[in-house]
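Written out below as structure tokens is the structure these notes cover.
The values are calculated or read from the model by the stated rules, or taken from the named source; none is laboratory data. Predicted, not measured: the structure shown is a model, and the values here were computed from it. Here the Cβ positions follow ideal geometry from the backbone for every residue, glycine too, while neighbour counts run over all protein chains shown.
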Amino acid sequence: MSTPYRLWEIQKRSNDGPQCDEDDFLPKIFTPKLKQVVKKYGIQWDRKTVLPTDEDLADRVWLAGWELFRDVGLYNTDTHRMIRLSDAEIKEALYMHPGQYWVGAGKDAVLWKHRQIEDRNPPFCIFSPDCTCSEELHYSMCVAFLKEPLLDGFCAPILEDTMGMKIRSASPFEINGCTQHIYNLRLAAKQVGRPGVFFVAVGTAEHDTGQIAVSNNEWGVRTTDSRIIGTLTEFKTADTLLNRVVHCAQYGCYVGNLTGPIYGGWCGGAEGVAVTLVAYSLNGLCIYGAVYNQHFPFHLNWGSNTTRELLWPIAVAGQALGRNSRLLYTSNGFSNAGPMTEMVFYETACHALVSTVTSWDLWEMASARNKYRNRATPLEARLGMEVGHAVAQQGMTRQEANDIALKLLAKYEHMAANAPMGKEYQECYDVPTALPTQEHFDMYRRVKDELANMGVTFPY
Amino acid sequence: MSLERLCQALEEGAQEEAERIAKDLLNQKIDSKATVDRLVATMQKVGDRFARLEIFLPEMMMSGQTMASVMQILGPKISQSAGAAAALMKGKVVLGTVKGDLHEIGKNIVKLMLEATGFEVKDLGYDVDPLAFIKEAEALKADFIAASALMTTTMPHQKEIIDLLKDKGLRGKYKVVIGGAPTTQEWAEKIGADLYCYDAGSAPRLMAQLIAKPS
């Protein structure tokens with residue numbers, strides 16, 4: 001939404017915003033302010049409830065997140081200055097967000113609209129394995145994901161190698177890997193008959209040069225696609241990230257702001273994560289000109305977000321954003337378990353259920369804590385998206401969703417620390433046809449039937 | 001009694017109170033070795049509570065800073081005891097996040113845990129050139145080079161450090177420790193690192209074991 005005027009007004013604050021030493025920013029500015037607003041607004045985590053229905057709590061989390069963002073701002077590690085905005089500027093940016101965007105191209109274009117709490121409209125479904133993958137499996141994985149019927153957008157796995165050589169960030173290998181990444185994606189989309197499908201690309205680019213190298217409406221990342229630009233944990237940015245903001249604004253593609261507040265880190269506990277998620281959403285909108293926010297709060301020790309200390313902030317922040325804004329925001333699942341385990345299916349279902357009912361769109365699923373190469377498949381994401389569609393269309397309430405979430409948590413929460421890492425893609429899928437093995441499909445089907453018995457009304 | 005109170009202040013991260021008690025202790029006859037052992041054990045306890053997330057990073061950080069400040073006050077007294085000094089010098093570490101990588105929360109937690117349990121740490125920050133790790137290790141006469149990477153595309157820089165050490169004929173001189181979200185034991189073995197730390201909490205124990213092991 002950033003106009004050129006706003007873009008440069010805000011970029012300029014990297015140069016003349018308030019100065020702060022980097023070592024002081026988190027312990028002396030961010031965390032004390034966060035603690036202050038958590039106390040001021042009386043935000044308290046109730047461990048027994050996954051999805052609270054207290055709308056006053058949601059509104060207080062919104063106010064706390066607003067105050068946190070306004071008073072802390074975003075720290076630029078290159079200039080050692082904080083980019084801060086006024087209340088009026090935040091209000092203006094929120095007013096200017098249209099609440100919906102057409103993304104993708106031609107017949108594959110999709111309208112992405114803001115959702116409300118307990119909204120009957122299905123969530124916007126971005127499939128993403130989030131993991132890295134071997135060069136020889138990248139194309140097959142792209143095809144496998146793009147075959148998914150509920151896919152509204154796709155973020156492909158990250159290439160680890162290009163032409164047999166390890167990709168090193170900010171090097172020529174990264175540019176080559178990015179080119180290979182987008183060519184694989186474009187070919188896969190064409191071959192499955194979805195040439196205009198919405199991409200979030202390219203994840204292989206860690207550095208701005210790789211990202212900029214593949215902006216091309218003929219063969220590369222199009223203006224109908226999106227980039228995600230990260231915010232460094234917590235509330236920091238750098239010129240290499242702001243370079244992407246300027247490039248994307250001038251190129252004209254969609255921008256998502258990628259954030260991962262850490263439970264147990266500078267945010268503290270569940271209350272701090274909830275407030276920080278709201279604050280990050282305002283940061284994405286105002287400083288990155290993001291049309292959507294892509295959030296993956298996670299547990300410091302496990303790197304996952306399917307246990308109750310993360311599901312609660314997801315549920316509360318979703319309600320805060322749903323009630324008080326027209327923003328678009330995806331909830332990115334990180335499971336403990338890996339592919340072809342019953343646990344990953346339970347975790348994905350629970351994450352999708354909690355997120356959908358509390359107004360989020362979905363981004364599933366970083367399996368096996370997003371740590372291992374090739375360790376994610378479309379099938380766990382499929383189940384998550386099917387749960388999202390089902391609970392939206394049946395009009396599931398937060399109370400009903402809470403009851404099911406507690407049943408699902410009882411199945412896996414005790415195994416979070418020692419979750420099974422499952423199998424790699426090529427062990428769960430037939431690589432040439434990009435289809436799941438019978439064993440894998442049967443496991444998915446069993447869990448889906450179990451969910452149906454719990455009260456999830458799947459359309460098919 | 002004062003030591004009890006000091007340990008409690010340390011656990012609570014009450015820096016001013018801890019400094020006051022430490023200054024009082026300077027004027028008393030204390031068993032330096034026992035004092036250091038108690039302080040390190042207290043920090044280990046704080047670290048264990050953090051590992052279980054009974055406390056969070058800001059609280060751990062406050063305890064770590066309190067410990068640093070207490071040691072600065074007690075340092076001259078403690079250094080007179082060889083046993084106490086040894087307990088405080090488990091090894092020298094050059095630590096950083098590799099080139100091209102701007103993530104440092106994990107690295108910072110490792111730093112806290114190491115310093116709190118008796119390692120001397122030179123923190124090079126993030127986006128650190130492989131050669132800078134080696135130059136700093138040479139200057140510090142370090143025991144360890146510890147390199148963190150949070151992205152798969154920055155992991156190769158961990159290997160570069162080892163390759164450069166080999167090329168310079170310095171490989172045997174330093175224990176190379178790696179960590180970071182996408183790294184694994186398998187990766188550590190593949191690139192020839194001496195140690196893989198799967199999380200920040202495990203780093204002090206694993207590194208102490210490694211340095212104690214006869215080479």
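Tabulated data
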| quantity | calculated |
| --- | --- |
| Matching residues, segment B:194-215, being away from chain A (no Cβ under 14 Å) and either part of a helix (DSSP H, G or I) or of a type outside the set (D, E, K, R) (or both) | B:Leu195, B:Pro204, B:Arg205, B:Leu206, B:Met207, B:Ala208, B:Gln209, B:Leu210, B:Ile211, B:Ala212, B:Pro214, B:Ser215 |
| Number of the condition not met by B:Ala14 [criteria: (1) at pLDDT below 90; (2) touching a Ser or Thr at 6+ places or on another chain (Cβ under 8 Å); (3) away from every other protein chain (no Cβ under 14 Å)] | (1) |
| Number of positions in segment A:215-245 that are more than 10 Å from chain B (Cβ to nearest Cβ) and either of a type in the set (S, T, N, Q) or over 17 Å from A:Pro195 (Cα atoms) (or both) | 16 |
| Filtered residue count, segment A:145-177, keeping only those that are in a loop (DSSP other than H, G, I, E, B) and either under 26 Å from B:Gly100 (Cα atoms) or at the interface with chain B (Cβ under 10 Å from one of its Cβ atoms) (or both) | 11 |
| Some residue of segment A:242-250 being surrounded by fewer than 21 Cβ atoms within 10 Å (Cβ to Cβ) and more than 27 Å from A:Val72 (Cβ to Cβ) | yes |
| Top-ranked residue in segment B:148-177 [being away from chain A (no Cβ under 14 Å) and within 18 Å of the chain's Cα centre (by Cα); ranked as surrounded by the fewest Cβ atoms within 10 Å (Cβ to Cβ)] | B:Lys175 |
| Options A:Gly318, A:Gly338; residue that is more than 18 Å from A:Pro157 (Cα to Cα), surrounded by 24 or more Cβ atoms within 10 Å (Cβ to Cβ) and touching a Ser or Thr at 6+ places or on another chain (Cβ under 6 Å) | A:Gly318 |
| Some residue of segment A:299-308 being within 21 Å of A:Thr53 (Cβ to Cβ) and assigned to a helix (DSSP H, G or I) | yes |
| Subset of segment B:163-190 [within 15 Å of B:Ile134 (Cβ to Cβ) and in contact with a Lys or Arg (Cβ under 7 Å, 6 or more places away or on another chain)] | B:Leu165 |
| Residue match in segment B:61-74 (condition: surrounded by fewer than 15 Cβ atoms within 10 Å (Cβ to Cβ) and farther than 17 Å from B:Val121 by Cβ) | no |
| Residues of segment B:153-162 classified as more than 18 Å from B:Cys197 (Cβ to Cβ) and in contact (Cβ under 8 Å) with a residue 24 or more places away in the chain, total | 2 |
| Residues satisfying the stated conditions in segment B:195-210, i.e. over 21 Å from A:Lys371 (Cβ atoms) and surrounded by fewer than 18 Cβ atoms within 10 Å (Cβ to Cβ) | B:Arg205, B:Ala208, B:Gln209, B:Leu210 |
| The listed residue being in contact with a helix residue (DSSP H, G or I) (Cβ under 9 Å, 6 or more places away or on another chain) and without any contact (Cβ under 8 Å) to a residue 12 or more places away in the chain, out of A:Pro129, A:Pro149 | A:Pro149 |
| Filtered residues of segment B:85-101 (kept if surrounded by fewer than 24 Cβ atoms within 10 Å (Cβ to Cβ) and either over 25 Å from A:Ala205 (Cα atoms) or at pLDDT below 85 (or both)) | B:Ala85, B:Ala86, B:Ala87, B:Leu88, B:Met89, B:Lys90, B:Gly91, B:Lys92 |
| Strands (runs of 3 or more DSSP E) within segment A:1-118 that include 2 or more residues more than 14 Å from chain B (Cβ to nearest Cβ) and more than 30 Å from A:Ala392 (Cα to Cα) | A:81-83 |
| Members of segment A:53-69 that are in contact (Cβ under 8 Å) with a residue 40 or more places away in the chain and surrounded by fewer than 19 Cβ atoms within 10 Å (Cβ to Cβ) | A:Thr53, A:Glu55, A:Asp59 |
| Matching helices (runs of 4 or more DSSP H) fully within segment A:398-460 where at least 1 residues are touching a Lys or Arg at 6+ places or on another chain (Cβ under 7 Å), surrounded by 16 or more Cβ atoms within 10 Å (Cβ to Cβ) and among the aliphatic types (A, V, I, L, M) | A:398-412 |
| Listing of strands (runs of 3 or more DSSP E) fully contained in segment B:110-193 that carry 1 or more residues being of a type in the set (Ser, Thr, Tyr) | B:144-148 |
| Per-region count, segment A:215-230, residues in contact with a helix residue (DSSP H, G or I) (Cβ under 7 Å, 6 or more places away or on another chain) and surrounded by fewer than 23 Cβ atoms within 10 Å (Cβ to Cβ) | 5 |
| Tally, over segment A:253-271, of residues that are within 11 Å of chain B (Cβ to nearest Cβ), of a type outside the set (Val, Ile, Thr) and in a strand (DSSP E or B) | 1 |
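One line per residue, one yes/no per condition, for (1) under 14 Å from B:His157 (Cα atoms); (2) free of Cβ contacts under 8 Å to residues at least 24 places away in the same chain:
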{"site": "B:Leu74", "(1), (2)": "no, no"}
{"site": "B:Ser79", "(1), (2)": "no, yes"}
{"site": "B:Gly96", "(1), (2)": "yes, no"}
{"site": "B:Lys141", "(1), (2)": "no, no"}
{"site": "B:Phe144", "(1), (2)": "no, no"}
